[in-house]
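First up is the structure itself, then whatever we jot down about it.
The values are calculated or read from the model by the stated rules, or taken from the named source; none is laboratory data. In this text, all values refer to a predicted model and were calculated from it rather than measured experimentally. Here the Cβ is made from the backbone with ideal geometry for all residues, glycine too, and neighbour counts use every protein chain on show. Side chains included, ligands, DNA and RNA excluded: accessible areas come from the protein's heavy atoms. Shrake-Rupley method; radii C 1.70, N 1.55, O 1.52, S 1.80 Å.
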Amino acid sequence: MKVGDRVRVKTALNVFHHPEHKGKSFDIAGMEGEIVRVHTEWNGRPISPNYPYEVRFTPKFVTHLGDHEIESIS
């Protein structure tokens, strides 16, 4: 997957930082968004993060996800 790809959350996943449900558990399973960044390096050094995909669902809601949590829909 790369920047610009449309993705869908394929597993049950509760987050606590959704702007409309701040501080409460909110399941984002089935939500669709766009990959806006893939984290592969930090300060010029290669890294291997557990959740490398930064996905934007709405202008106010962005989260980091892993391969096992999302599927491509493009």
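Observations
- Cα-centred dipole magnitude for the chain, charges only on beta-carbon of K, R (+1) and D, E (-1), debye, nearest 20: 180
- Which labelled figure in [x] 79; [y] 96; [z] 114 is volume of the Cα convex hull per residue in Å³, once derived from the coordinates: [y]
- Residue 36 versus residue 10: modelled label distance in nm, points set 7 Å from Cα along the beta carbon direction: 2.4
- Cα centroid of region 18-47 to Cα centroid of region 58-74, whole Å: 6
- Using the 1.4 Å probe convention, the accessible area of the chain works out to 67 Å² per residue with neighbouring protein chains retained.
- Note on the chain: with neighbouring protein chains present and a 1.4 Å probe, carbon and sulfur make up 49 percent of its accessible heavy-atom surface.
- For the chain, the relative contact order comes to 35 percent (Cα pairs under 8 Å, sequence separation of at least 6).
- Between 73, 50, 62, the Cα set farthest toward the positive side of the dipole of region 21-73 (charges on each charged residue's Cβ, about the Cα centre) is that of 62.
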